Amino acid sequence: MTSVKKDPVLVVLQLSGGNDAVNTVVPFGDPHYVDNRPSVRVPEEQALKLTDFVGLNPNMAPMKRLYDEGKLAVIQGVGYPNPNRSHFRSMDIWHTCEPETQGTEGWLGRTIRDIDPNKDNVLTGVNFGRGLPRALAAPGVPVASVGNLDTYGVLTGIDGEDQREEALDVFSRIYSPTIGRSAVVDYLSQTGMDALKGADILSAAPEVYTSSVEYGSDVVAQYMKNIAQVHLAGFGTRVMYTTAPYNSFDTHAGEMQAHAKLWGETSKAVADFYDDLKEHDASDEVILLVFTEFGRRVHDNGSGTDHGSGGVAFVVGEKINGGLYGEYPSLAPDKLLEGDLHFNNDFRSIYSTLLENWMGLDAQPIINGNFEKFAFI
Amino acid sequence: MAGNEIDLMAHLMRRAGFGATYQQLEGLASNGYEETVEDLLNPDGHPEVETDLLERYFVDWKELNALEVNQSYLTYLWINTKRPLQEKMTLFWHGIFCTGNSKCEHGRMIQLQLDMFRRDGMGSFQELLLGLSRDPSMVFYLDNCMSHNGAINENWGRELLELFSMGVGMDGQANYSEDDVKEAARAFTGWTITNAIPRYPYGRYDSHFIFNPYDHDEEEKTFLGETGKFNGEDIVSIIAKQPATARFIARHLYNFFVADDVQVPAWQNTPPQDPELISMLENEYFRSGFDLRSVLRVLFNSESFKNARFAKVKSPTEVVVGTMRLVQDFTSPKIGLHQLASNIRYMGQDLMNPPTVEGWHTGREWIDSGTLVERINFTADRLGDINLPGVKAIVDRLTSEGVATPDQFVRRCLDMLGGYELPEETYTQLIDHVQKAGVLNPGSKEYSERVGQMLQLIVSTQEYQFA
């Protein structure tokens, strides 16, 4: 039996709010951990040990399994110079790779443009959720944004097949590219046309999908399922994105309870996604990046943790060389940066590795610079 | 009545309210523009929406706990209010002073915060900001109840400056330092709540603001260049008099009421697109002693505002509520309100649960292929339903006018929706569509259906996505 090599696919899961890296990959071997976390601490005996120094949060058993199978790379101490502790600014920096100026073009928007410069496929990039994250935004780059995969379509409420056909015909002519109108109208026109094309294709995805994997009912799990459905339907989609909503990882207070629930759900969704692809013999076609905009203050505030800098990211896939990457930043007081973990690894190194070693693209113009690559692929 | 007066009134009511029917616009236009602005600014003479009957109909409104219930309540209020600007200002402040249900999990407490916006949203900005600082759901949302003397939590101190009053910077300069954030946080220590908000483990109960003098940092602070043993009131009064605050409010009002501007994080380095109007609003802010009603009066009566028709992409709330006011549906309680309200969320605006404390990004950022599909489908479904009173009124109006030529037919449908204008090529497409379907016979059943179909096509255009 011959197998056709499929094009590599990149999936990104954004954990909004600033995930507490220190309680995700727990440095129980660093004596400063206990000192800094009198109230918001994972006890050493509960951590799912990766080495005799660090372990995963106890609610991350499904991801621990992936780690043990060598399919999970943990990137420690991720950040960028002059860390910004505003959610929005920091997320923008991750999205645009522009730490100095306010960028509007996203790194994945540029990636999609590189993959499909002639816009041959309106589904080269697909976002799942409400509103397009800036990471996927680039002028003239179509990205389908799907709130609900099951009911996606234009003018679906018009009764009568003939009338809907006629209305869609007028719609497509009205939305055809024109000149001499405002930038926002041009944007609307392009978006409308892309939606029309994309909806037709996407509506088939849930129909052809079957799986024994039972995803959770939380938002992330449902969208990870949708991502698997769209990949398995074979529309040629190369970049997919979804977001853990509501800034839920912003655990200023009540962190022990909230963080446990978040990682319980997220960790299961990540492993279910991998297992689903594996069941369909497609786990070698997809790599998943899980990131957050920043880590949190090393010292807890009694109930939670405030905005910090150095964070942790995960990369998952059949083709991943699993393991720990990047040194864990020291928690020693003299090694901290304004009370935060010092980043050891620029996030653009992760992007660079994914873009060049996985997607086969030139990373430099996409991430605005050259950054040392990791060996996880 | 000259058409352009009605068109201007349609513009005012879309921005200072949630839109109006053609018949309502005719009435308002005959009252006069400035008179209508005054009436909007001083709504006390108009009755509030009655909810006692509704609480019997929707029994879960009594508690106002779940997010969906609160969203239905707001949607109903906004469809039926006779005080549209007061409600629009409630939405305005909600989009800036964000509190999210994802954390609070107690809708009623957030609804009480919106009640404060409704009450004080057109009064003194200083009083409003002070009210916000003492609002239990805000104290909880930004963790000021977790900020203690000697162990500050900076969340409230930072967002108060960055997102609620001054912004990170203007004219290329930073407006405050990291030290100002910490000093503000120190001044607000002891500003806390009784009865913590999360419902675990004892269920939901109301919380109240209290000042705990034993947990307040009494020492000297230096904030924005002033030094003293500041408490939270002092911080708010220092903030209110900053030029950066006047600029921040002026730009927010501009972006919400006049024309889409760049997003807030870009304000530090992007000058206002209408510096003259911004400066008028800033001056009025100081002249009136931080009085928002006075600033709004200057805004709505300015030529810049009057000339800014269709310079804004409608927000999801404006799409849904505006559509319902136009078609005159849900003017009394009935089944389906929860489902109706959830359309606002599907279009990207989860009321009382913004994506981040920054609120919703506006303008073209409301639009992506997903949300565009949602808004087109929602609006077309309603305007195509010729049994809805507002659509029926449009049909009756066109019938009584004997509108029978394709050109006039398209033109009058555009008028009825609020004076919309289409580019030549779109207009031609619509006229062709009418011509192809045959002769128009006002009064026939088929005529009604064709009005509905034309309205559906118009609301699907790019131009109709603007307010």
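The values are calculated or read from the model by the stated rules, or taken from the named source; none is laboratory data. A quick note: this is a predicted structure, and the numbers were derived from the prediction, not measured. All Cβ positions, glycine included, derive from the backbone under ideal geometry; neighbour counts span all protein chains shown.
Worth a mention:
- For A:VAL316, the conditions (1) within 14 Å of another protein chain (Cβ to nearest Cβ); (2) crowded, with 20+ Cβ neighbours inside 10 Å are fulfilled apart from (1).
- Positions within the stretch A:222-237 being touching a residue at least 60 places away in the same chain (Cβ under 8 Å) and either in contact with a helix residue (DSSP H, G or I) (Cβ under 7 Å, 6 or more places away or on another chain) or assigned to a helix (DSSP H, G or I) (or both), in sequence order: A:TYR223, A:MET224, A:ASN226, A:ILE227, A:GLN229, A:VAL230, A:HIS231, A:PHE235, A:THR237
- Matching option when the condition is among the hydroxyl-bearing types (Ser, Thr, Tyr) and either in a helix (DSSP H, G or I) or without any contact (Cβ under 8 Å) to a residue 60 or more places away in the chain (or both), among A:THR242, A:THR210: A:THR210
- Here B:VAL321 meets each of (1) buried (at least 17 other Cβ atoms within 10 Å of the Cβ); (2) over 14 Å from the mean Cα position of the chain (by Cα); (3) touching a residue at least 40 places away in the same chain (Cβ under 8 Å); (4) within 23 Å of B:PRO84 (Cα to Cα) with one exception, condition (2).
- Considering residues of the stretch A:161-207 that are part of a loop (DSSP other than H, G, I, E, B) and among the aliphatic types (A, V, I, L, M) only, the residue modelled with the lowest pLDDT: A:ILE179
- Residue in the stretch B:345-362 that is part of a helix (DSSP H, G or I), touching a Leu at 6+ places or on another chain (Cβ under 8 Å), closer than 19 Å to A:THR151 by Cα and within 11 Å of another protein chain (Cβ to nearest Cβ) present: yes
- Among the residues listed as B:ASP171, B:ASP120, B:ASP135, the single one being among the acidic types (Asp, Glu), away from every other protein chain (no Cβ under 14 Å) and crowded, with 22+ Cβ neighbours inside 10 Å: B:ASP135
- Test: residue in the stretch B:139-161 that is within 20 Å of the chain's Cα centre (by Cα) and not in a helix (DSSP H, G or I): no
- Residues located in the stretch B:381-396, provided they are at the interface with another protein chain (Cβ under 10 Å from one of its Cβ atoms) and crowded, with 21+ Cβ neighbours inside 10 Å: B:ARG382, B:GLY384
- Filter pass, B:ASP407 being assigned to a helix (DSSP H, G or I) and away from chain A (no Cβ under 14 Å): yes
- Within the stretch A:68-85, the residues that satisfy the criterion of being surrounded by 21 or more Cβ atoms within 10 Å (Cβ to Cβ) and within 23 Å of A:ASP346 (Cβ to Cβ) are A:LEU72, A:ALA73, A:VAL74, A:ILE75, A:GLN76, A:GLY77, A:VAL78, A:GLY79, A:PRO83, A:ARG85.
Residue-wise test of (1) among the acidic types (Asp, Glu); (2) under 23 Å from B:PHE466 (Cβ atoms).
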| position | (1), (2) |
| --- | --- |
| B:PRO265 | no, no |
| B:ASP274 | yes, yes |
| B:LEU277 | no, yes |
| B:ARG287 | no, no |
| B:VAL298 | no, no |
| B:SER302 | no, yes |
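- Of the strands (runs of 3 or more DSSP E) lying entirely inside the stretch A:265-362, those containing at least 3 residues that are under 19 Å from the mean Cα position of the chain (by Cα) and within 28 Å of A:ASP35 (Cβ to Cβ) span A:311-316.
- Matching entry among A:GLU327, A:GLU285, A:GLU293, A:GLU372 (being within 30 Å of A:GLY234 (Cα to Cα) and modelled with pLDDT of 90 or more): A:GLU285
- Lone qualifier among A:LEU188, A:LEU155, A:LEU136, A:LEU108 - being surrounded by 21 or more Cβ atoms within 10 Å (Cβ to Cβ) and more than 10 Å from chain B (Cβ to nearest Cβ): A:LEU108
- Of all residues in the stretch B:70-110 being at pLDDT below 95 and surrounded by fewer than 22 Cβ atoms within 10 Å (Cβ to Cβ), the one that is farthest from A:ASP250 (Cα to Cα): B:ARG108
- Test result for A:THR101, part of a loop (DSSP other than H, G, I, E, B), more than 20 Å from A:THR305 (Cα to Cα), of a type in the set (Val, Ile, Thr) and within 14 Å of chain B (Cβ to nearest Cβ): yes
- Options A:THR251, A:THR292; residue that is in contact with a strand residue (DSSP E or B) (Cβ under 8 Å, 6 or more places away or on another chain), more than 12 Å from chain B (Cβ to nearest Cβ), at negative phi and buried (at least 23 other Cβ atoms within 10 Å of the Cβ): A:THR292
- Of all the numbered requirements in (1) under 22 Å from B:ASN377 (Cβ atoms); (2) within 14 Å of chain B (Cβ to nearest Cβ), A:ALA204 misses one, and that requirement is (2).
For (1) over 25 Å from B:TRP78 (Cα atoms); (2) among the charged types (D, E, K, R); (3) crowded, with 20+ Cβ neighbours inside 10 Å, each residue gets a yes or a no:
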{"residue": "B:LEU253", "(1), (2), (3)": "no, no, yes"}
{"residue": "B:TRP267", "(1), (2), (3)": "yes, no, yes"}
{"residue": "B:ASN283", "(1), (2), (3)": "yes, no, no"}
{"residue": "B:GLY289", "(1), (2), (3)": "yes, no, no"}
{"residue": "B:ASN307", "(1), (2), (3)": "yes, no, no"}
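- Some residue of the stretch B:337-347 being within 22 Å of A:SER86 (Cα to Cα) and without any contact (Cβ under 8 Å) to a residue 60 or more places away in the chain: no
- Test: residue in the stretch A:69-88 that is assigned to a helix (DSSP H, G or I), assigned by TED's automatic domain parsing to the domain that holds A:GLY339 and more than 26 Å from A:VAL9 (Cβ to Cβ): yes
- Among residues of the stretch A:135-150 that are free of Cβ contacts under 8 Å to residues at least 24 places away in the same chain, those with a Cβ under 6 angstrom from a residue that is of a type in the set (Lys, Arg) and surrounded by 20 or more Cβ atoms within 10 Å (Cβ to Cβ), sequence gap 6+ or separate chain, pair up as A:GLY147/A:ARG130.
- Any hit, the stretch B:98-106, residues being more than 18 Å from B:VAL236 (Cα to Cα) and in contact with a Pro (Cβ under 7 Å, 6 or more places away or on another chain): yes
- A:PRO142, sole failed condition from (1) away from every other protein chain (no Cβ under 13 Å); (2) in a loop (DSSP other than H, G, I, E, B); (3) not aliphatic (A, V, I, L, M): (1)
- Counting the residues of the stretch B:263-278 that are polar (S, T, N, Q) and without any contact (Cβ under 8 Å) to a residue 24 or more places away in the chain gives 2.
- Of B:PHE378, B:PHE330, all but one fail to be away from chain A (no Cβ under 12 Å) and either in contact with a helix residue (DSSP H, G or I) (Cβ under 8 Å, 6 or more places away or on another chain) or assigned to a helix (DSSP H, G or I) (or both); the exception is B:PHE330.
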